[in-house]
Amino acid sequence: MELINVFDYEMLAEERMDPVHWDFYAGGSDDEVTARANQTDFVRIRLRPRVLVDVSTCDMRTSVLGTPVSMPILIAPTALHCMAHPEGECATARGASAVGTLMIASTVATCTLEDIAQAAGGPLWFQLYIYPTREVAAGLVRRAEAAGYKAIVMTVDLPVLGNRERDRRHEMPIPPAPFVEANLVGVEKTGQEWVPLTWETVDWLRSLTSLPIILKGILTAEDALLAVEHGVSGIVVSNHGGRQLDSCVTGIEALPEIVEAVAGRCEIYMDGGIRRGTDILKALALGARAVLVGRPILWGLAVNGAQGVQHVLEILRDELQLAMKLSGCPTLASIERSLVKLT
């Protein structure tokens, strides 16, 4: 079977994976309303294509916090990649570098952040949980700096774990045996593993590092303004893939108000529900500098390791290029708010 879109990868990945591990990747919280809405909310956005524009060439190159990337498509931080493929996050990093884009490595990875950096041929950011203690998190930041990571992406929407009923029905521990949280080997966990998060936590993180700080998990203009006041370099508009608070707004729904509030004072990215190049085009038109892709990357990894990750990214890149050409947008700068209509 020729794999021509990310849904083909989804179907094949589900066939190949352990059902318990598949549910961990695929599941949301509660009734999974938000997990589904992350995709369906793109449907209500219509494109208003322009014609008679020279689109014989199409340039998708951009930069994120000054780092050049070949396209505005980045790899979102997701956990436990070795459940999809034995080479785990190292294979994911190779897939990202093969197409010239950036991967965000998770705290809860099954390869160490140092091994991921060694495998990667391109830029990396490090996603940080303040977990299980501030001291451990500070050590992870120092390790990321030493390994050459270019930014810290602090997840802010997980003060406690969401009600992920698929995992509860499987009685799945995190991580399941024989997998390990490679960055936390030897770390003693306490009964209270989630450190309370406040805006002071952002200030504390800022005191630790000179690396740019990005906050992942913001969904309101109010919090976006506070993020700017606390000196962050970027915001990821995200609801954690629908895995935390069910029935909350989606990334694409929240994006316009956050872009308006921030008014260019930091870079804005979004994730959640990206499955087609037209989804990416809509997010860019609504003000995102780039999008983060999560689950489809895991599908590619499960099907064919690094080459599968590379191919998923190539599919999305090619779909975005086609959508740009058919919309009369030969460059990223030509993608304007007027391209989309909310229905």
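A short reminder: the numbers here are calculations on the coordinates, not readings from a lab. Quick caveat, the model's predicted, so the values are computed rather than measured.
Expressed as a whole percent, how much of the Cα-Cα distance distribution for the chain exceeds 24 Å?
Values: 31170 of 58653 pairs.
Here the tail beyond 24 Å accounts for 53 percent of pairs.
For the chain, the number of Lys pairs with C-alpha atoms closer than 21 Å, counting only pairs eight or more positions apart or on separate chains, is 5. Restricting to the chain, what percent of DSSP beta bridges are antiparallel, rounded to 5? Restricted to the chain, the bridges split so that about 20 percent are antiparallel.
In region 215-305, what is the volume of the convex hull around the alpha carbon atoms, normalised per residue and reported in Å³? Please report the intermediate quantities before stating the final value.
On the way: hull volume 9.2 nm³, N = 91.
Per-residue hull volume (Cα only) is 101 Å³.
Across region 32-161, C-alpha contacts under 8 Å between residues 6 or more apart give a mean separation that, scaled by the residue count, equals a relative contact order of 17 percent.
Distance from the C-alpha centroid of region 264-298 to that of region 106-160: 22 Å, rounded to the whole angstrom.
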